[in-house]
Structures are given as structure tokens and as C-alpha cells.
Amino acid sequence: MMNKTNRFIDIADKGCGVVLLLGGTTSFLILIAVIGLFRSCMGYDEIDIDNSYMVKRYQFDRAYIEDSTGNGYELLWYTTDYVTEKRYKEILTRQPIWDSYKRLEAEAGDHFNHRLIETDIYDFVEWAKRYDIDPDVRLTNIWVYGTEYKKLYRQPNERFPEVQTPFAYDIGILFLKEFDVYPYNLQAGRTYRYWQCEVTSSSDERFSHVTEQDYLQVKR
């Protein structure tokens, strides 16, 4: 092993000597090649699943949490950070994460007395975040779910001209973004958002926030 290591060092030293002789752009390219050869010989690329410039955030799971009345929330989880495809596939094999989210789905109805429609979305989120047991995956988005729950955000209000939207459109339903779920500023107040609408509110306003401009934008 020592002889093999010494051989690598000798190669690297000779490569650096050539670099100094050539100089400029050519030397830089040769230096990169030497480093690449050295890493390849050490087998780094084969054993390190995080070694790639091709990284992104991957969707881990989506679940529909409902109580006995058929109302609840749609939850979306993503990897916390940008990761390689190999790391993502490894994360998918972590059974404790799946088990934790299955417990969330099974326990939500009883925990909130099967009245999720009467539960503040932020109160639900604070409870649901307890099931984010692995730092590599976390809850990123949440929407209200269920026919009766969604109807609440179609109720007319004089501040917003009524827009006739097909029932199939979820535009206007209550939802939260990732930085609402995991806020940067822990002292900031709660912000309630309405899917694909510009308007937000500081409380859960259960009526339509859809403007004509919002609807036309979605319809395109």
C-alpha cells in the first residue's frame, strides 16, 4: 500500500514539474487532468455518492391526510438540501422516514378529534413537523384537502368580485409555502396564502380571494 501511495505522489510531483515548465492555460489543463487521474485511481468517484455537480432537490413523498369526515390536508415533502441522484435513492431506502409519515397519516384524525376542517393550518403544521425525524427530508408545502374544506374558500365576499371558476380548479384554496412551514424569521407573524392568488392575509379568511386576473392567469 505504501509503495502504491508513493507512486501516486511521484506521478503528481512530476506532473506539477511539467505544469511549471509549460505555464499558462496549458499548465492549468494539465493540472486538472492530473488531479482527475489521481482521484480516479483512488476510486473516489465510485465510493462517494455525493460526488457530483448534478444536484437538485427531489420530491420525497406526497400524502393526503384526512379524518373521518373526509377533510384534511395535502402534504408534500422534499429533500432538505440539493442532493445527487445517488444520495436521493439512498434517502428513499430509509425506512424510519416512511414509518414516521405513515404514523402521521394514521394518527392525525384522532389527534384533532376528526375536526381537521376546524383546525388552523398552522396548528396542524406544528404538529406534523414532529414527524420530520430525518434532517435530510422535510415538509415543504401543505394545502387544504376535501370537498367541504375547499368549498369554504369559494364563498363570496364583497371585497373580491365573484369569479365563476369551474369546481375542478383548486385556485383560491388555503395553502402554505416552505418558508411558512419552516420560517426564516421565527418572530414573524403567520401568513395565510391562497393557491395561485396574489392576496395573502394574517388570518384564515374563509371566502374567495380569486380575482379575474388570477383566474385568467391560471386558465392560460
Notebook entry, point to check: When the chain is fully extended, how far beyond the present Cα-Cα distance does Asp136 get from Val218, taking 0.36 nm per residue of separation?
Noted result: 26.2 nm
Next item on the list: Give the calculated FRET efficiency between Arg103 and Arg206 to the nearest 0.05, with a Förster radius of 25 Å applied to their Cβ-Cβ distance.
Entry: 0.25
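Order Asp123, Asp132 by their accessible area, 1.4 angstrom probe, all chains in place, largest first.
Descending order: Asp123, Asp132.
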Checklist line | Among 67-79, 201-213, the order from most to least packed when residues are scored by Cβ within 10 Å on average | finding: 67-79, 201-213
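The values are calculated or read from the model by the stated rules, or taken from the named source; none is laboratory data. Here the structure is a predicted model, which means the values were calculated and not measured. Reconstructed Cβ throughout: ideal geometry from the backbone, glycine too, with neighbour counts over all protein chains shown. Keep in mind that these areas ignore ligands, DNA and RNA; they rest on the heavy atoms of the full protein, side chains included. Shrake-Rupley method; radii C 1.70, N 1.55, O 1.52, S 1.80 Å.
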